[in-house]
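Let me begin by presenting the structure, written as structure tokens, before commenting on it.
The values are calculated or read from the model by the stated rules, or taken from the named source; none is laboratory data. Keep in mind it's a predicted model, so treat the numbers as computed, not measured. Using ideal geometry, Cβ is built from the backbone for each residue, glycine included, and neighbour counts are taken over all protein chains shown. The accessibility values were calculated without ligands, DNA or RNA, using every heavy atom of the protein model including side chains. Shrake-Rupley method; radii C 1.70, N 1.55, O 1.52, S 1.80 Å.
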Amino acid sequence: MAHPPLSVLLFEDDEGQVILTTEALEKAGLRVAVARNGREGLDRLLNAAFDAYLVDYKLPDVPGLEVLRRIITMRPDAVVVMVTGHGDESSAVEAMKLGAYDYVVKSPYMGHLTMLPMVVHEACDRRRLRQEREQLQTELWEHARLLEERNAELRRANEELKRLDQMKSDLVSMVSHELRTPLATIKEFTGILADQIAGPVNADQQEYLHIVRANIDRLARIIDDLLDMAKIEAGRIMLNRGLVQIPALVEHVVQSMQPLADSRGVAIRSELPAALPGVLADGDKVAQVLINLLSNAIKYTQGAGQITMRVEEQTNEIQFSVADTGVGIAPDDLPKIFEKFQQFRRAVEPGTKGTGLGLAISKRLVELHGGRIWATSSPGKGSTFLFTLPKYHAEEVFREYIRTALQEAKRKQGYLSTIIVSVLRFQELKALYGLEETSRLLKDLEMLVRETVRRGAGDVVVRWQRGDMVVILAEVDKAGANAIADRIRRIVEGRTFTVHGKPLAVSLTASSVTYPDEATTEEELLSITESRLQQADRARTRIMVIDDEPKIRQFLKEALELREYEVLTAASGPEAIEQLKAQRVHLILLDVMMPVMDGYEFYHVLKETPQTADVPVIIVTARGERKDRQLGLETASYNYLSKPFQLEDLLAKVREVLQHHPVKA
Ligand code: ADP
């Protein structure tokens, strides 16, 4: 783009300089005006602005620096270049300080004349760039200011929304509570009328009462859903987690839905694997989700349908699914069904219309557990709803107990101590008196500890029995923990137990960890407690590995010993039986495929021998070899491990089984 030529006002009194300079500047494409003294130049400045000013340092009337000062005052962004005489460089510094863009030193050989146009161009460029930068800066500031304003507006709107949402939730929950009570009364009295307690009711009236009752039930369901939703949204739903046994839960849910399914001619089938680990979950909430999915499946199935409830164990989670042969869901609706108040289809049976909240609530409940929920469907054929719950290991259940207790203690700004009590030289006692007697001894002991703790103080949160140790969680400081441990020790040691009809004194060891004294964080409390438990635990656990393959025996022995288990090995069933006569073990890892006596045969011998009948066994088989029924293992079928297995799986199983058989070994 072509620029108009730059205009320059030259302050110069020396005629020779005027001519030469003007010529040099004009050659370089600049337009030049000349002022012979300061006053004249400044006067011209009043009427017109120039792109640049070339000011001679020595003017006849006003000193050059003064001219510079006035130019800057009149036009603050003026480009002024000072022209000084030879040997006057020091004044150039002063000029720059006052705001000159540059300076040029006159040379006696006129060399400066070639420089001048360049200096002027460069100075003008610099000014342009500076102006552009300032412009950008201003725009940026403006943007930032606008953004900040928008942000503030959004924050205000957000806060307002939150406040409104809170108000809405409060209102919903208040109204719902208020509605519940009169509704219960209405239902009660409708029942009295329908049951003809208050006098005879004719057939028409009976029918109307039936309709009234159905609608009361519906209203009650809506209120419950609204209350649940309000609670969830206000973050007031707390999970009451515990170890949930899934088969029992599924059975309970199916049973409670059976009458409704029967009345519609819909069959419910449940498919569960033989072995399922427990999950750490809020059983009531999981049941609520399942009941909701089942009742939807029934609601949206016509005629003689089939509902299949399936539970599957996956690597890190348990997956539940409820599949129906009902009306299905249109692909467009599918992504929206878990949103609040979304209803796309009328229920198949009149009078069963829902609230459109069931799935939204289910989704929140599943997510609170750390799981996922989704659905698939083919319209006209049926739908499948699926959700997952994360799997937890037994240690995590234990951790969860401690965590919950700790949170409670923190909330009260109090202490939490874990106290671990265990029997001294327990192994010796067991070897001396046999399994049954020592088990009884432990039971007595546990009872005693529980009683002692209960009588002692109301501040004990949880007691957890693990192996031949008792872990007590109490909201007490270190001194309190010591007092509890002392009390238990005194009472137990002062008491005489009887073994084989003979008196026996028992000694205990106790140790404790206190938050926030010794353990300053939750993690620290957990890890110290656990390491103490494991020290006590593992050193005492003896495992027998039976496998005809020497390499596998050696590998398992090393892997288990590394984790401080004591390991015995046997190459065959008969060899193992010989060893077991002399020594008791807490767990047997049994390979099925063995010559001489196979695993199943050995298992029977083991179970038929009173001394070993109680020892838990983990059976290691290749996939597809399982013969649970033959072994009578239906009830204890978790003791399985399929080859090939990962070492982690094996160790987890070992820990799990040992925990299920804490004192019997
Ligand atoms: P509602 O109280 O209406 O049943 P839900 O939140 O439980 O509310 O379900 C939302 C919507 O999803 C239902 O209105 C229905 O359109 C659809 N839906 C839920 N379950 C099924 C199912 N098993 N088969 C077909 N549609 C279903």
Matching residues in the range 464-494 - criterion: being assigned to a loop (DSSP other than H, G, I, E, B) and at pLDDT 80 or above: Glu475, Val476, Asp477, Gly494
Checking the structure you have, find out if any residue of the range 10-24 is more than 60 Å from the chain's Cα centre (by Cα) and in a strand (DSSP E or B). yes
Please find, among Leu136, Leu98, Leu113, the residue that is hydrophobic (A, V, I, L, M, F, W, C) and modelled with pLDDT of 90 or more. Leu136
Contacts under 6 angstrom Cβ, first residue in the range 553-567 being assigned to a strand (DSSP E or B) and surrounded by 15 or more Cβ atoms within 10 Å (Cβ to Cβ), partner of a type outside the set (A, V, I, L, M, F, W, C) and at pLDDT below 75, 6 or more apart: Val567/Glu561
Could you figure out which of (1) open to solvent by less than 80 Å² (accessible area, probe 1.4 Å); (2) under 30 Å from Asp228 (Cβ atoms) isn't true of Phe189? (1)
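Would it be correct to say that Ala261 is out of contact with any Ser or Thr (no Cβ under 8 Å at 6 or more places or on another chain), in contact (Cβ under 8 Å) with a residue 12 or more places away in the chain and more than 14 Å from the ligand (Cβ to nearest atom)?
Numbers: out of contact with any Ser or Thr (no Cβ under 8 Å at 6 or more places or on another chain): yes; in contact (Cβ under 8 Å) with a residue 12 or more places away in the chain: yes; more than 14 Å from the ligand (Cβ to nearest atom): no.
In short, no.
Tell me the residue from Ala274, Ala267, Ala297 that is open to solvent by 50 Å² or more (accessible area, probe 1.4 Å) and among the small types (Gly, Ala, Ser), please.
Ala274
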Might you check whether a residue that is closer than 22 Å to Gly29 by Cβ, open to solvent by less than 90 Å² (accessible area, probe 1.4 Å) and touching a helix residue (DSSP H, G or I) at 6+ places or on another chain (Cβ under 6 Å) occurs anywhere in the range 128-140? no
What's the total number of residues in the range 596-607 that are open to solvent by less than 80 Å² (accessible area, probe 1.4 Å) and over 21 Å from His660 (Cα atoms)? 6
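Please work out which residue is nearest to the ligand (Cβ to nearest atom), limiting yourself to the range 314-326 and to residues that are open to solvent by 50 Å² or more (accessible area, probe 1.4 Å) and out of contact with any Pro (no Cβ under 7 Å at 6 or more places or on another chain).
Thr325
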Would a scan of the range 169-186 turn up a residue that is at pLDDT 85 or above and within 27 Å of the chain's Cα centre (by Cα)? no
Here are Val348, Val311, Val366: which of them is at pLDDT below 90, more than 8 Å from the ligand (Cβ to nearest atom) and open to solvent by less than 50 Å² (accessible area, probe 1.4 Å)? Val348
If we scan the range 200-213, do we find a residue that is open to solvent by less than 50 Å² (accessible area, probe 1.4 Å) and free of Cβ contacts under 8 Å to residues at least 12 places away in the same chain? yes
Please pick out the residue among Val585, Val492, Val499 that is out of contact with any strand residue (DSSP E or B) (no Cβ under 7 Å at 6 or more places or on another chain) and open to solvent by less than 10 Å² (accessible area, probe 1.4 Å). Val499
Residue in the range 146-165 that is modelled with pLDDT under 85 and of a type outside the set (Lys, Arg) present: yes
Among residues of the range 231-253 being more than 16 Å from the ligand (Cβ to nearest atom) and open to solvent by less than 40 Å² (accessible area, probe 1.4 Å), the residue nearest to Phe398 (Cα to Cα) is Gly242
Inside the range 281-294, can you point out the residues that are touching a residue at least 40 places away in the same chain (Cβ under 8 Å) and open to solvent by 10 Å² or more (accessible area, probe 1.4 Å)? Gly283, Asp284, Lys285, Gln288, Asn292
Of all residues being at pLDDT 80 or above and not in a helix (DSSP H, G or I) in the range 226-246, which is farthest from the chain's Cα centre (by Cα)? Just the residue, please. Gln245
